[in-house]
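The values are calculated or read from the model by the stated rules, or taken from the named source; none is laboratory data. Just so you know, these numbers come straight off a predicted model, no measurement behind them. Glycine also receives a Cβ, built like all others from the backbone with ideal geometry; neighbour counts cover every protein chain displayed. The accessibility values were calculated without ligands, DNA or RNA, using every heavy atom of the protein model including side chains. Shrake-Rupley method; radii C 1.70, N 1.55, O 1.52, S 1.80 Å.
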Amino acid sequence: MPNHVLLNNIDHMSLRVDTGHDPALGDDVMFTVTFPAEFRNVQAHYPIVFHKDAQGELQPVALFGFHQGNQGQGSNLFLDGGRWDASYVPLAIERQPFLIGRDGEELMVHIDLDHPRVRSDRGEMLFRDQGGTTDYLDRITSVLMTLHDGLGSTPAFMEVLLRHNLIESFTLDVELDDRSLNRLVGFYTINEERLRALDADAVNELHRAGYLEPVYMVVASVSRFRDLIARMNRRHAAGH
């Protein structure tokens, strides 16, 4: 169970955070949430698709693999011997084990003390000896605020896409080099035919809202499925 507490430089002066990438650190996930302002960075490495959350609401996610297995079962094809094999790590992954909480109306940094990244023997320090924050914690605070604002903007983005009937479910069948078959289901993407058929008023609405570029970033990211398939082939060939 998570153990979220408000971060402070008295109780948590000696805490360190392991910033490596490993299944044991919670990184072996099939996907993570993203948001429109992050799409340009994400689409350079990962397919951007849509997935229903626990409340049944569609949200954009960066896809890392084809299977949602148990921890350590190879869900994330970007994990490679203790490193993340891409130059951009989505912010929802980078922020672990931190999260934003509220103290009244004020947003505050919290930490999950039971997260496997939290240590006392090695890793990034959070506070300096005099009590000030380290560069690492300053970076994390910036990441958390960007995530908070970005995820907060997502429902309005999704509302416009759904209103214009631009979202469709899809199934991806993949035959790997070893002849094994894999099927990706439960995700959604942009219907490119309907996107091309939008009238001028609809296109102007998307443009004025700043949504036109993110939509085309989602479309462009479809090409990253080729990389996922290549990664899966390499993993199968290596016997993992």
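Below 8 Å between Cα atoms, with a sequence gap of 6+, how large is the relative contact order for the chain in percent?
27 percent
Using the basic label-point model (7 angstrom from Cα toward the beta carbon), what is the N3 to L162 distance in nanometres?
3.8 nm
What angle, in degrees between 0 and 90 and rounded to the nearest 10, separates the Cα long axis of helix 225-237 from the longest principal axis of the Cα atoms of the chain?
The two axes meet at around 70 degrees.
Can you bin region 163-227 into rounded, prolate or oblate? Criterion: square roots of the alpha carbon gyration tensor eigenvalues sorted a ≥ b ≥ c, rounded for a/c under 1.5, prolate for a/b above b/c, oblate for the rest.
The shape class here is prolate.
Shape of region 108-240 from its Cα gyration tensor (a ≥ b ≥ c, root eigenvalues): rounded if a/c is under 1.5, otherwise prolate when a/b > b/c, or oblate?
oblate
Return one number: the angle in degrees, 0 to 90 and rounded to the nearest 10, between the long axis of the Cα atoms of helix 212-221 and the longest principal axis of the Cα atoms of the chain.
90 degrees
Expressed as a whole percentage, what fraction of the accessible surface of region 1-115 belongs to carbon and sulfur atoms when a 1.4 Å probe is rolled over the protein heavy atoms?
Numbers: 2460 of 5350 Å².
Carbon and sulfur together cover 46 percent of it.
Using the Karplus curve 6.51 cos²θ - 1.76 cosθ + 1.60 with θ = phi - 60°, work out ³J(HN,Hα) for each residue of region 170-180 in order, rounded to whole Hz, and write x for Gly and Pro.
Once rounded to whole Hz, the list reads 8, 10, 10, 9, 10, 9, 7, 4, 8, 6, 6.
Length gain on complete extension for the stretch R194 to Q68, per 0.36 nm per residue less the alpha carbon to alpha carbon distance?
Result for the pair: 42.4 nm of gain on full extension.
What are the residues whose amide H is under 5 Å from the amide H of F31, where those residues sit 5 or more places off or on another chain and H is modelled from the backbone?
HN-HN under 5 Å from F31: F64.
Probe of 1.4 angstrom, ligands and nucleic acids ignored: what's the accessible area per residue over the chain, in square angstrom?
With all protein chains present, the chain gives 53 Å² per residue.
Using mean Cβ contacts within 10 Å as the protection proxy, how do 203-212, 44-53 order, highest first?
Per-residue Cβ counts within 10 Å, averaged per peptide and sorted highest first, yield 44-53, 203-212.
Rank by packing, highest mean first: peptides 150-156, 107-113, 196-202, with packing defined as the count of other Cβ atoms within 10 Å averaged across residues.
Values: 150-156: 14.9, 107-113: 17.9, 196-202: 10.7.
The densest-packed peptide leads the list: 107-113, 150-156, 196-202.
Please work out whether the chain counts as rounded, prolate or oblate from its C-alpha gyration tensor, where a ≥ b ≥ c are the square roots of the eigenvalues and a/c under 1.5 means rounded, while otherwise a/b larger than b/c means prolate and anything else oblate?
On the way: a/c = 2.42, a/b = 1.30, b/c = 1.86.
Note, shape of the chain comes out oblate.
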